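Here is the structure we will look at.
The values are calculated or read from the model by the stated rules, or taken from the named source; none is laboratory data. Predicted model, so just to flag it, every value in this text is computed and none were measured. Please note: Cβ atoms are built from the backbone with ideal geometry, for glycine as well, and neighbour counts cover all protein chains shown.
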Amino acid sequence: MPSPQDDFVVHTFAIQIDGIQLEQLKGVSGLGIRQRVIESEENDASTGKQIIRKQQGPREAGSIEITRGVDKSTALTDWIKLTAESNDIGKARKNVTIEVKSGKGETVRRYNLANAWASQYQLGALTSGSSEPLMETVTIEYEDLTIA
């Protein structure tokens, strides 16, 4: 029986783009928050020694990579197409939610990516005689990340 102290498992997660659930997910990588560091150097008035101070600067935008199996769903490819063909990035920006699930399928952590858009698309190798599923990888840029 799991205890409240058990770590979350990495294989149970879900992704939604503006509320539309993506399927055939293999992985998500690169999710994180980055913040610039502002470093200032000064001399102590009484000792004359150099002091280095660090403070937090503005948050930086980030990017993630999603890998999934190619299927009949067009939700992701329609979004990629909109991003690539639109001269209005505002139309392409969507909110993305990544949910980590418990073994019971309950959401235990939610990551909300604001103003996300697809910056890169890569189709996996097409190989004669292979029995592996066809995969696609998408790089998604986002402006802000909140953890709920």
**Message:** Quick test for you: out of Val138, Val108, Val100, pick the one residue that is closer than 18 Å to Ile17 by Cβ, at pLDDT below 95 and part of a strand (DSSP E or B).
**Reply:** Val100
**Prompt:** Taking the stretch 48-64 only, how many residues are in a strand (DSSP E or B) and more than 30 Å from Trp117 (Cβ to Cβ)?
**Reply:** 6
**Message:** Report every pair of residues separated by at least 6 positions or lying on different chains whose Cβ atoms are under 6 Å apart, first residue within the stretch 42-59 and on the phi < 0 side of the Ramachandran plot, second part of a strand (DSSP E or B) and small (Gly, Ala, Ser).
**Reply:** Arg53/Ser40
**Request:** For the stretch 111-135, enumerate the residues that are within 17 Å of Val70 (Cβ to Cβ) and assigned to a strand (DSSP E or B).
**Result:** Ala118, Gln120, Tyr121, Gln122, Leu123, Met135
**Prompt:** Where residues in the stretch 111-135 are of a type in the set (A, V, I, L, M) and either touching a residue at least 40 places away in the same chain (Cβ under 8 Å) or surrounded by 10 or more Cβ atoms within 10 Å (Cβ to Cβ) (or both), which of them is nearest to Glu23 (Cα to Cα)?
**Reply:** Met135
**Asked** Are any of the residues in the stretch 77-93 modelled with pLDDT of 95 or more, under 19 Å from the mean Cα position of the chain (by Cα) and surrounded by 16 or more Cβ atoms within 10 Å (Cβ to Cβ)?
**Response** yes
**Prompt:** Is it the case that the stretch 27-47 has a residue that's surrounded by 13 or more Cβ atoms within 10 Å (Cβ to Cβ) and assigned to a strand (DSSP E or B)?
**Reply:** yes
**Prompt:** Is it fair to say Thr67 is assigned to a strand (DSSP E or B), closer than 30 Å to Leu126 by Cβ and hydroxyl-bearing (Ser, Thr, Tyr)?
**Reply:** yes
